[in-house]
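In what follows, a single structure is set out as structure tokens and then discussed.
The values are calculated or read from the model by the stated rules, or taken from the named source; none is laboratory data. This one's a predicted model, so the numbers in the text were calculated from it and none came from an experiment. For neighbour counting, all protein chains shown are included, and Cβ atoms are generated from backbone atoms with ideal geometry for every residue, glycine included. All accessible areas refer to the heavy atoms of the entire protein, side chains included, with ligands and DNA or RNA removed. Shrake-Rupley method; radii C 1.70, N 1.55, O 1.52, S 1.80 Å.
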Amino acid sequence: MLDIRLIREQPDMVKTRLATRGAGVADAVDQVLKVDVDRRKAETAVQQLNAERKRLSKEIGGKRSRGEDAKALEEQGREIGERIAALNGETAALDEQQRNLLLQIPNLPHPNIPLGSDSTANVTIRTWGGKPDLGANVLDHVALGAKWNLFDLERAAKLSGSGFICFTGRGAKLERALIQMMLDVQTGDHGYMELSPPFLVRRECMVGTGQLPKFEEDMYGLEEGQLFLAPTAEVPVTNFHREEILAAADLPKKFVAYTPCFRREAGSAGRETRGLIRVHQFDKVELVKITTPETSYSELESLTADAEHILQMLGLHYRVLELCAGDIGFHSARTYDIEVWSPGQNAYLEVSSCSNFEDFQARRMNLRFKDAEGKNRFPHTLNGSGLALPRLFAALIEAGQQADGSIRLPEPLHDYFGAKEIG
């Protein structure tokens with residue numbers, strides 16, 4: 001959520017930055033400012049009436065002490081009280097209206113990110129490794145999965161409908177090995193604290209990280225929208241310290257968590273849905289940081305490097321893109337996407353999106369830290385997948401396929417999986 005003082009004091013700057021996201025977004029600023037003016041007028045009127053009621057109270061007390069009639073003043077006091085009560089109700093309604101409007105406004109894009117209206121303006125900032133030379137008869141992950149009985153999409157659909165996966169046999173073991181390896185690397189090598197959070201989260205947690213109210217149609221809600229299946233571990237983990245005041249000495253906080261993720265993908269009609277590429281439930285290891293504002297962008301670089309490290313260990317070719325202003329997420333200020341090469345798709349697949357949200361989420365969660373001067377400030381929050389499993393799984397088995405049909409696994413997975421290959 002944006003700071004209302006920033007909108008009030010620099011409306012043109014806010015509008016200009018928001019306009020880089022696309023047409024119409026900046027218009028919400030004028031709505032917020034109009035409500036803010038009305039709210040502040042009502043608050044000022046309440047303050048003036050309270051001062052008048054206080055003055056009347058003293059005058060009434062003086063008359064009573066002198067034995068004089070104070071009924072007229074008492075009637076004025078009652079009328080002022082009724083006006084104050086009405087204005088307090090109006091102020092509360094305007095407060096709620098202003099907050100609801102602020103919740104609908106996206107984060108300000110960082111001023112130095114690429115400009116553009118969609119993904120075609122994203123910029124490749126680095127690549128790692130090379131595309132494997134697999135010859136002409138490359139199988140995609142769907143064919144490989146069927147060949148080695150790694151997952152069963154038909155029976156998953158029978159259980160839950162289309163867009164779900166049931167990993168089977170060595171496929172289930174490989175997915176579990178990947179999760180365990182990623183958790184061990186992030187906790188052992190990179191110093192993240194592991195959390196195992198609930199998979200159900202309260203509505204205010206979804207609001208806190210920015211999934212609600214904007215993207216409610218993509219979420220699986222329960223109990224009349226008061227409880228949700230977590231769309232990503234970002235939600236429970238980032239909210240872990242919500243409504244707390246942290247010590248500056250304890251920052252950065254670095255968390256890693258595995259959770260299943262649940263998304264309706266209501267807006268994905270027409271997008272690639274074959275096999276494991278786009279599903280309603282998938283496993284993911286998530287990285288989350290809570291940092292001081294002064295260090296958040298260096299922490300974004302290191303978080304992205306921590307996610308990349310997994311692909312490097314697995315020997316998979318990938319690229320890192322910086323997203324343009326028109327393609328970054330609603331709550332992000334700056335985002336790097338990590339895309340792994342999928343030989344079977346002949347395309348790059350996003351396996352991680354690493355973002356700095358600055359203080360946007362912290363304001364929504366009322367998460368603060370006490371700085372060296374003893375002042376309470378909002379920290380910056382960051383997160384990134386480390387990594388998302390289905391697309392990683394697909395790229396891994398496609399890249400590892402051999403001429404004899406077997407799948408060679410990278411050395412770091414051998415101990416976790418208990419074998420060097422599937423074949």
- Query: So which of P252, P198 ends up being in contact with a helix residue (DSSP H, G or I) (Cβ under 7 Å, 6 or more places away or on another chain), in contact (Cβ under 8 Å) with a residue 24 or more places away in the chain, under 21 Å from R364 (Cβ atoms) and surrounded by fewer than 16 Cβ atoms within 10 Å (Cβ to Cβ)?
  - Reply: P198
- Could you grab the pairs with beta carbons closer than 8 Å, sequence gap of 6+ or different chains, first residue in region 300-316 and under 15 Å from L183 (Cα atoms), second one of a type in the set (K, R) and outside any helix (DSSP H, G or I)? L303/K289
- Could you please tell me which pairs satisfy a Cβ distance under 6 Å, a separation of 6+ or placement on different chains, a first residue in region 59-71 that is among the small types (G, A, S), and a second residue that is open to solvent by 90 Å² or more (accessible area, probe 1.4 Å)? A70/R64
- Of (1) hydroxyl-bearing (S, T, Y); (2) in contact with a Lys or Arg (Cβ under 7 Å, 6 or more places away or on another chain); (3) free of Cβ contacts under 8 Å to residues at least 40 places away in the same chain, T91 fails just (3)
- Item | Search result, residues across region 354-381 that are crowded, with 24+ Cβ neighbours inside 10 Å and in contact with an Asp or Glu (Cβ under 6 Å, 6 or more places away or on another chain) | H380
- Has region 260-282 got any residue that is buried (at least 20 other Cβ atoms within 10 Å of the Cβ) and more than 30 Å from A394 (Cβ to Cβ)? no
- Note on the structure: Checking V32, V25 in turn, the sole residue that is within 30 Å of T335 (Cβ to Cβ), assigned to a helix (DSSP H, G or I), touching a residue at least 24 places away in the same chain (Cβ under 8 Å) and in contact with a helix residue (DSSP H, G or I) (Cβ under 8 Å, 6 or more places away or on another chain) turns out to be V32
- Please verify whether region 290-298 includes one or more residues that are among the acidic types (D, E) and out of contact with any strand residue (DSSP E or B) (no Cβ under 7 Å at 6 or more places or on another chain). yes
- Has region 35-54 got at least one residue that is of a type in the set (V, I, T), part of a helix (DSSP H, G or I), modelled with pLDDT of 95 or more and under 24 Å from the mean Cα position of the chain (by Cα)? no
- Considering only region 1-22, state which residues are out of contact with any Leu (no Cβ under 7 Å at 6 or more places or on another chain), closer than 11 Å to L108 by Cβ and in a helix (DSSP H, G or I). L6, M13, K15, T16, A19
- Message: Take the residues in region 219-272 that are at pLDDT 95 or above and polar (S, T, N, Q); name whichever of them is farthest from F357 (Cα to Cα).
- Response: Q226
